[in-house]
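Structure first, commentary second.
All of the numbers you see were taken from the coordinates with simple rules; none came from a lab. Remember, it's a predicted structure, so these values are computed and weren't measured experimentally. As a convention, Cβ positions derive from the backbone with ideal geometry for all residues, glycine included, and neighbour counts pool all protein chains shown.
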Amino acid sequence: MIPRVYRIEHRREEYPGTFTLEMSADRGRPVTCDPGQFNMLYAFGAGEVPISISGAGRRDGLLVHTIRTQGLVTAALERLKEGEQLGVRGPFGQGWPLDLARDSDLLIIAGGVGLAPLRPVVYSLLDGRGRARRTQLYYGARRPEERLFRHELNQWGRAVSLVQSVDHADSDWPGHIGVITGPLQASRINGPETIAFVCGPELMMRFSIRVLLESGVPASAIFLSMERNMKCATGLCGHCQWGPRFICKDGPVFCYKDIQPWFQIRGL
Ligand SMILES: Cc1cc2nc3c(=O)[nH]c(=O)nc-3n(C[C@H](O)[C@H](O)[C@H](O)COP(=O)(O)OP(=O)(O)OC[C@H]3O[C@@H](n4cnc5c(N)ncnc54)[C@H](O)[C@@H]3O)c2cc1C
């Protein structure tokens, strides 16, 4: 429960209001974490927020988080400069079940900042720790310049085939325009042989799940990452209770089959 002090080594603005922090532990060994887990980041004097791990370098030991400014704490994190410190508690939660993808087609579907917790999945495939028969990444964003990790998306082509769609773009945008479920629906999904990892705004996840189920992907092969306000991150305070489960310790990644009744209640 005690935060460890980390120092910001690199700070990169992804686009205005969204930034990536690469951090190293001031003391002790770097933590190991699974793709899809999260940490509680503590901006001293402001508070603590849950943020997914968007990278954990095996060689450089750097811990990476990608954050969109929403309110008090994320705004305080945005003001931090390279060399400054913050507190880190974690890692917490259940991540993506990469082992289940080994003999399947892996479909990764991300919307906006939802790509952040899926980046470690792509890195696992790139460095051979994770394996899938074939991987497709469907990424939707508002505008081309509001895509995360733009400087590295091209390199991901070694491990995944990337389909991108944006809501608004100029005529020089080579990808799709419209919601990401458009190209997803048009693709040939081999339903029974597919496992899907989905993260993004809840509305986008609802529509993606509908397309997946219609394409024959079993509910037991669809996994999604959920967000709710949380405080302790260890299942004690009850802030993130969702039906009979806690997002912090039973999630944030859930199998759709297990949460279907609660996911269908909007606003729960
Ligand atoms: C498991 C988990 C992983 C997360 N990973 C990331 C991540 O990788 N990157 C990232 O940018 N954010 C992530 N979030 C969301 C992040 O925790 C919130 O944006 C943050 O807690 C807002 O705190 P604040 O003090 O800045 O804003 P507040 O002052 O608490 O809130 C400001 C406004 O934002 C709204 N808000 C608060 N929390 C959320 C939320 N979870 N989703 C949407 N709106 C919210 C509030 O209702 C309010 O209107 C994650 C959340 C969870 C639960």
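Worth a mention:
- Net charge contributed by nearby residues that have their C-beta within less than 13 Å of D26 (K/R +1, D/E -1): +2
- Computed from the C-beta positions of L213 and N190 and an R0 of 25 Å, the FRET efficiency is 0.95 to the nearest 0.05.
- Antiparallel DSSP beta bridges within the chain, percent to nearest 5: 60 percent
- Chain lengthening between H151 and E13 when straightened (0.36 nm per residue, less Cα-Cα): 48.5 nm
- The calculated FRET efficiency for F44 paired with R228, based on their beta-carbon distance and R0 = 22 Å, is about 0.35.
- Taking the average, over residues, of other Cβ atoms within 10 Å as the packing measure, peptides 19-32, 113-126 rank 113-126, 19-32 from highest down.
- Estimated inter-spin distance, L203 and D99, nm [label 7 Å along Cα→Cβ]: 3.8 nm
- Taken about its Cα centre, the range 98-225 carries a charge dipole of roughly 240 debye when the Cβ of each Lys and Arg holds +1 and the Cβ of each Asp and Glu holds -1.
- Here is the result for the range 140-228: no chymotrypsin sites (Phe, Trp or Tyr not before Pro) lie in DSSP coil with at most 11 other C-beta atoms within 10 angstrom of their C-beta.
- Nearby lysines by direct alpha-carbon distance to K257 (threshold 28 angstrom, same-chain neighbours under 8 apart not counted): K231, K249
- Orphan Cys of the chain, criterion: no other Cys C-beta under 4.7 Å: C33, C199, C240, C248, C255
- Considering only alpha-carbon pairs that sit under 8 angstrom and 6 or more positions apart, the relative contact order computed for the chain is 17 percent.
- Its Cα centre serving as origin, the range 1-90 has a Cβ charge dipole (Lys and Arg +1, Asp and Glu -1) of approximately 220 debye.
- Modelled FRET efficiency - R0 45 Å, I2 with I265, Cβ distances, 0.05 increments: 0.80
- Only Lys, Arg (+1) and Asp, Glu (-1) charged, at Cβ; the chain dipole about Cα centre in debye: 480 debye
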